[in-house]
Amino acid sequence: MMRSKYLGLALPLLLTACFDGSESKVEVVTPAPSPEVTQSPNVTLAEIKTPEQTLYQPGQPISLDFSIETIQLDTQHIGVTFMAIPKDKVAQLETDDQPEGFNLGTHYIAQLQSGVQNLSATLMFPNEQMPSGEFLIGAYVDSAKIIPDEADLTDNRSRGHEGGDLTTYASVTIDASHYHDFVLDKVVVGDGFAMFPDIGQRETTSEGQPSQKRSDIIGHIDASKFGNSVNTAQVTAELIVADQAYTAHFWQEGEDHYAEKMKISFSQFEQSHYFPYDIAINGALLHKIQQAFDPDSSENTLQLRFTLHDMSEFEEANTSNNTLTIDVPYGLYQDTTPSDELLAKHNLPGLSDSNEANRAARSAFSNGPTQDLSLTLSQQTDEQFVLLDLFGNTYGDKSKVAVVPSFLSLIILKATDGGYAWASTGGGFDLYMFDDSVNLFSAGASGIADGANGTLSYAMGVSFLGNSLIADSDSVTALDESYTHDWSEEQKLFSATFTIAIVPVSVSAGVKGEVGVGTELKYADQRFSIGGDVLTASLDAYATAGIDLLIASGGIGIDFLIISDTLSATAYTDISKAITDSEISYGIDISNHMKAIEGELYLWVKYPGYEFCCSFPTKTATKTLYDTGALYNKTWQMLDYSDSFKF
């Protein structure tokens with residue numbers, strides 16, 4: 001009632017104030033605007049979620065989901081540092097210069113985004129003597145102090161534990177007893193396929209370790225090791241053909257033979273490691289592969305199963321991740337004359353070409369053989385004999401550093417008037433870095449002796465990085481030539497950017513070393529011969545690193561052999577008895593010594609860090625691309641034939 005009374009008295013006064021009797025305008029009173037709420041640039045650690053698994057051991061990985069909230073910031077290259085500390089000592093994070101905690105690692109955020117970001121960090125309990133008990137895991141956002149003039153630094157960190165608020169902590173329990181775990185991360189076969197000799201090309205009865213030195217499958221595995229006590233393991237491999245598993249054999253570095261197991265060693269526990277392998281199969285397994293092959297199918301596939309074996313006295317935490325099985329398409333070398341298409345891929349004239357067209361041999365090997373396979377083809381009829389040997393394989397990881405050497409040898413004999421003989425040999429290297437490639441070097445020689453006119457059409461080609469260094473060819477009645485060329489310098493060929501911890505590192509890479517060719521060509525009395533070290537190489541990886549973040553420094557550590565190789569070849573054809581005895585004699589002897597992918601290649605950075613209590617102006621992080629011994633280190637006879645072709 002009082003409210004109604006006062007309202008009634010007030011209304012006439014309001015009306016009198018609005019109308020003065022002489023005017024009928026209504027005056028509107030606009031209220032003063034409210035003061036604007038201003039926001040300052042800031043980032044906040046909002047939450048860390050306790051994982052479903054709460055029991056861990058030193059050396060074990062852990063994944064944590066966490067969230068941050070950002071206001072008016074889009075800063076790049078932000079690090080979030082995580083630390084585990086005993087629950088009863090968590091106050092030290094704020095009071096002590098050196099809290100009794102354990103660094104779990106840094107999570108990298110490429111760029112802050114406005115609002116809430118939900119993130120997941122993969123971390124590692126360190127291989128230290130951590131005590132058993134209850135731990136809290138805290139975090140600090142922007143641990144390198146990248147953000148300038150941030151409004152509030154106190155909310156960058158885990159906080160509130162003194163009042164029982166553990167929103168920005170994860171609770172876990174540490175069991176300090178022994179822990180280790182091997183993980184087979186990836187299996188790679190060359191360029192994804194395998195080639196085996198067809199029936200009649202190799203014996204098919206031997207069992208046990210193979211006697212040959214020429215590999216059947218080359219590739220690499222990536223594996224990880226967690227825990228601090230066990231650093232070595234053994235690897236076995238099986239080929240699964242028609243649902244039956246058969247033992248494969250690994251080349252033993254420095255021991256000059258194949259065996260059932262390959263030993264691997266881990267130098268660092270916290271990252272995946274590269275291990276090259278070279279596998280050969282015995283005759284009995286080759287027979288199984290040949291019998292399972294369907295020539296009418298376009299999808300002949302076998303399985304390759306790798307297994308890591310823990311040989312230590314301790315029990316491994318998880319053995320279910322020690323085995324990987326992959327499908328490998330495969331084919332057989334066909335015992336037929338090489339097709340024109342196959343020869344064309346190697347810049348060689350087709351068998352059906354006329355003698356005039358065979359002058360195309362002058363460009364043979366100008367670009368180098370590039371077919372990535374390994375095979376031997378041979379055929380003999382009343383009119384023709386053909387022997388073609390191709391070898392090519394990928395050594396290394398193309399996403400890091402790999403080399404693809406390829407070698408070719410060819411002899412063709414024909415029963416023409418006066419006899420006809422063709423001999424060629426050569427080799428080349430394709431280099432891969434960071435998933436990019438370049439044809440590095442190639443060299444080869446070819447000659448076609450034609451008894452009908454008593455001449456030789458020959459060609460010699462050497463190419464480096466696509467540039468022709470030697471291109472010599474002619475048609476002659478006599479020949480005595482020697483060709484040599486040596487290259488030695490550094491070449492930057494590739495570039496890539498890696499992020500290490502929170503620091504972008506730009507890498508320029510290439511090769512340094514020496515490559516040479518030494519070949520003699522002779523033609524006299526209707527006998528043509530090629531001989532010498534057709535191709536020699538000793539190439540190391542060469543790289544420099546630049547740091548894209550001004551607060552950091554760093555570089556590259558490199559002591560890394562890409563390949564050391566010597567391809568020695570001698571070949572001859574003799575058509576002097578083609579008319580009198582209907583016979584052409586020939587011989588070919590090719591050996592190769594190869595050492596590939598050996599050493600250490602890593603990047604490192606120094607950058608400022610902050611972990612709750614204090615700054616670390618020279619905190620160091622590394623990224624290892626390679627740390628491996630040279631498993632590919634052997635000499636083998638690729639071809640050794642001497643015979644005659646009678647027609």
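The values are calculated or read from the model by the stated rules, or taken from the named source; none is laboratory data. Being a predicted model, the structure only gives us computed values, none of them experimental. Using ideal geometry, Cβ is built from the backbone for each residue, glycine included, and neighbour counts are taken over all protein chains shown. With ligands, DNA and RNA removed, areas are computed over all heavy atoms of the protein, side chains included. Shrake-Rupley method; radii C 1.70, N 1.55, O 1.52, S 1.80 Å.
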**Request:** Go through the residues of the range 477-486 one by one and say whether even a single one is loosely packed, with under 14 Cβ neighbours inside 10 Å, closer than 30 Å to Gly546 by Cβ and out of contact with any Cys (no Cβ under 9 Å at 6 or more places or on another chain).
**Result:** no
**Message:** Out of everything in the range 301-322 that is closer than 26 Å to Gly190 by Cα, polar (S, T, N, Q) and out of contact with any Ser or Thr (no Cβ under 7 Å at 6 or more places or on another chain), what residue ends up being least open to solvent (accessible area, probe 1.4 Å)?
**Reply:** Asn321
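For the range 536-564, give me each residue that is among the charged types (D, E, K, R) and touching a Gly at 6+ places or on another chain (Cβ under 8 Å). Outline the logic, then answer.
First, pick out the residues of the range 536-564 that are among the charged types (D, E, K, R): 540, 548, 559.
Within the range 536-564, Asp540, Asp559 qualify.
Looking at Ser576, Ser564, Ser568, which one is out of contact with any Pro (no Cβ under 7 Å at 6 or more places or on another chain), at pLDDT 90 or above and not in a strand (DSSP E or B)? Don't jump to the end; show me each part of the working.
Working: Ser564 fails: not in a strand (DSSP E or B); Ser568 fails: not in a strand (DSSP E or B).
Just one listed residue meets the conditions, Ser576.
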**Fill in**
Those residues of the range 231-260 which are open to solvent by 50 Å² or more (accessible area, probe 1.4 Å), modelled with pLDDT under 95 and closer than 14 Å to Asp278 by Cβ amount to Glu253, Gly254, Glu255, Asp256, His257
**Complete:** Over the range 501-537, the set of residues under 21 Å from Tyr607 (Cβ atoms) and not in a strand (DSSP E or B) is Ala501, Ile502
**Message:** If I filter the range 189-207 for residues that are touching a residue at least 40 places away in the same chain (Cβ under 8 Å) and closer than 30 Å to Glu313 by Cα, do I get at least one hit?
**Reply:** no
**Prompt:** For the range 418-451, what are the residues that are free of Cβ contacts under 8 Å to residues at least 40 places away in the same chain and either open to solvent by less than 10 Å² (accessible area, probe 1.4 Å) or within 18 Å of Ile579 (Cβ to Cβ) (or both)?
**Reply:** none
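Within the range 374-393, restricting attention to residues that are of a type outside the set (Ser, Thr, Tyr), surrounded by fewer than 17 Cβ atoms within 10 Å (Cβ to Cβ) and not in a strand (DSSP E or B), which residue is modelled with the lowest pLDDT? Walk me through how you get there before you give the answer.
Quick first cut of the range 374-393, residues of a type outside the set (Ser, Thr, Tyr) only: 375, 377, 379-380, 382-393.
Right, trim to surrounded by fewer than 17 Cβ atoms within 10 Å (Cβ to Cβ) and you get 379-380, 382-383.
Those left that are additionally not in a strand (DSSP E or B): 382-383.
On the way: Asp382: 83, Glu383: 87.
By that ranking, first place goes to Asp382.
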**Complete:** Condition set within 26 Å of Phe275 (Cβ to Cβ) and acidic (Asp, Glu), scope the range 558-612, selection most open to solvent (accessible area, probe 1.4 Å): answer is Asp559
**Item:** Filtered residues of the range 89-104 (kept if free of Cβ contacts under 8 Å to residues at least 24 places away in the same chain and either of a type in the set (Asp, Glu) or more than 18 Å from Thr154 (Cα to Cα) (or both))
**Value:** Lys89, Glu100
**Item:** Residue in the range 119-141 that is surrounded by the fewest Cβ atoms within 10 Å (Cβ to Cβ), counting only those that are over 31 Å from the mean Cα position of the chain (by Cα) and closer than 15 Å to Leu45 by Cα
**Value:** Tyr140
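Please indicate, with yes or no, whether at least one residue in the range 612-623 is of a type in the set (D, E, K, R), within 27 Å of Val511 (Cα to Cα) and free of Cβ contacts under 8 Å to residues at least 40 places away in the same chain. Reasoning before the result, please.
From the range 612-623, those of a type in the set (D, E, K, R) are 619, 623; that's our starting set.
Those still in the list that are within 27 Å of Val511 (Cα to Cα) too: 623.
This time we only want the ones that are free of Cβ contacts under 8 Å to residues at least 40 places away in the same chain, so: none.
Checked the range 612-623: no residue is of a type in the set (D, E, K, R), within 27 Å of Val511 (Cα to Cα) and free of Cβ contacts under 8 Å to residues at least 40 places away in the same chain.
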